[in-house]
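Here the structure is laid out as C-alpha cells; the discussion comes afterwards.
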Amino acid sequence: MDKKILLLLFIISFSLGILIYASIPRTKIITTHNIILEKDLPELISESDVIVKGKVGNKFPSKWTNPNFIKGDHIRNIIQTDVNISIKEVLKGIPYNNSSLNLRTDTGKLDNVEYVSEDIPNLKYNEEVILFLSKDDSDVAKPNENYYVLTGMGQGLYIKEPYAESLYTCFYNQEEQNIIEESVFKEMITNSN
C-alpha cells in the first residue's frame, strides 16, 4: 500500500511540475540580419544630417511601430527603442536640441517578444560615442517625433576605446583599420564642407 501511495504522489508531483513549467511565459527572440551596403567614412559623413560626439544615457521603454497593424498591413510592426544621448560636441549639422537627442533603434523587448540585430548596437549606459545620424525615412518613420537613426545602421556608430583618450572603433567593422583618432574625424568632417 505504501508503494502505491508513493507512486501516486510521484505521478501527481510530476504532472504538476509539467503543468507549472508549461505555464511559464517564454520570450520569443526575433533576430534580424540585414544586408547593408558598406559605406566608407566620407560616405557616412556626406549622408549624415547630424554627427555628434556624446555619451549614452537612459533607454526609454520599447514600443511597437504598428500595433495591431493600425497603419495597414503594408507597414512593418517591429519593436523600437529610443536611447538618450547627451551631446558633448556637434561635429556636423544642427540637431533638434543642442544638449541631448534620441537615437531610435530597431531593437528592444516588449511583452514576451525581443528584437535583436547583429547590425544594430546594444548601447551601454555612459559609453562615449561618435554617432553619424540621419532623419528616419523608413516605412515606420514618425515625422512628428524628434529622434534620429544611425546612418548605415551599425556603421554609423563609433565607440570610444577604453584604453585610449581619443580613439574610436566602428561598431560594424571592428578591424584595426577602423580605429580612428578623434582629430581625424574632425578633419574629415571639416574638409567635407
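The values are calculated or read from the model by the stated rules, or taken from the named source; none is laboratory data. Small disclaimer: the values here were computed from a predicted structure and weren't measured. Cβ placement follows ideal geometry from the backbone for every residue including glycine, while neighbour counts extend to all protein chains displayed. Accessible surface areas use protein heavy atoms only, side chains included; no ligands, DNA or RNA. Shrake-Rupley method; radii C 1.70, N 1.55, O 1.52, S 1.80 Å.
Among the residues of the stretch 136-165, those that are over 23 Å from the mean Cα position of the chain (by Cα) and open to solvent by 30 Å² or more (accessible area, probe 1.4 Å) comprise Tyr163, Glu165. When each of Glu118, Glu89, Glu182 is tested for being within 13 Å of Ile51 (Cα to Cα), open to solvent by 50 Å² or more (accessible area, probe 1.4 Å) and of a type in the set (Asp, Glu), the lone residue that passes is Glu89. In the stretch 116-130, the residues that are closer than 12 Å to Lys160 by Cβ and in contact (Cβ under 8 Å) with a residue 12 or more places away in the chain form Cβ pairs under 7 Å with partners that are open to solvent by less than 50 Å² (accessible area, probe 1.4 Å) and among the aromatic types (Phe, Trp, Tyr), at six or more places apart or across chains, as follows: Val129/Tyr158; Ile130/Tyr158; Ile130/Tyr168; Ile130/Phe185.
Criterion applied to Leu101, Leu123, Leu131 was being out of contact with any helix residue (DSSP H, G or I) (no Cβ under 6 Å at 6 or more places or on another chain), part of a loop (DSSP other than H, G, I, E, B), surrounded by 16 or more Cβ atoms within 10 Å (Cβ to Cβ) and at pLDDT 85 or above, and the one residue passing it is Leu123. With respect to the stated conditions, Tyr115 fails to be among the aromatic types (Phe, Trp, Tyr) and either part of a loop (DSSP other than H, G, I, E, B) or within 26 Å of Ile179 (Cα to Cα) (or both). Looking at the stretch 166-177, which of the residues that are over 15 Å from the mean Cα position of the chain (by Cα) and not polar (S, T, N, Q) is modelled with the lowest pLDDT? Out of the qualifying residues, it is Glu176. In the set (1) at pLDDT below 90; (2) aliphatic (A, V, I, L, M); (3) in contact with a helix residue (DSSP H, G or I) (Cβ under 6 Å, 6 or more places away or on another chain), the condition left unmet by Ala141 is number (3).
Scanning the stretch 65-86 for residues that are modelled with pLDDT of 95 or more and hydrophobic (A, V, I, L, M, F, W, C), we see that the one that is nearest to Lys53 (Cα to Cα) is Ile85.
Figure legend. Inter-residue proximity from the stretch 49-70: first residues farther than 20 Å from Asn98 by Cβ, second residues of a type outside the set (S, T, N, Q) and open to solvent by 90 Å² or more (accessible area, probe 1.4 Å), beta-carbon distance below 9 Å, spacing 6+ or different chains. Indicated pairs: Lys59/Tyr125; Ser62/Lys109; Trp64/Asp111; Thr65/Arg76; Asn66/Asp73; Asn66/Arg76.
Taking the criterion of being more than 22 Å from Glu161 (Cβ to Cβ) and crowded, with 16+ Cβ neighbours inside 10 Å, the residues of the stretch 50-83 that qualify are Val50, Lys59, Ser62, Trp64, Thr65, Asn66, Ile78, Ile79, Gln80, Thr81, Asp82.
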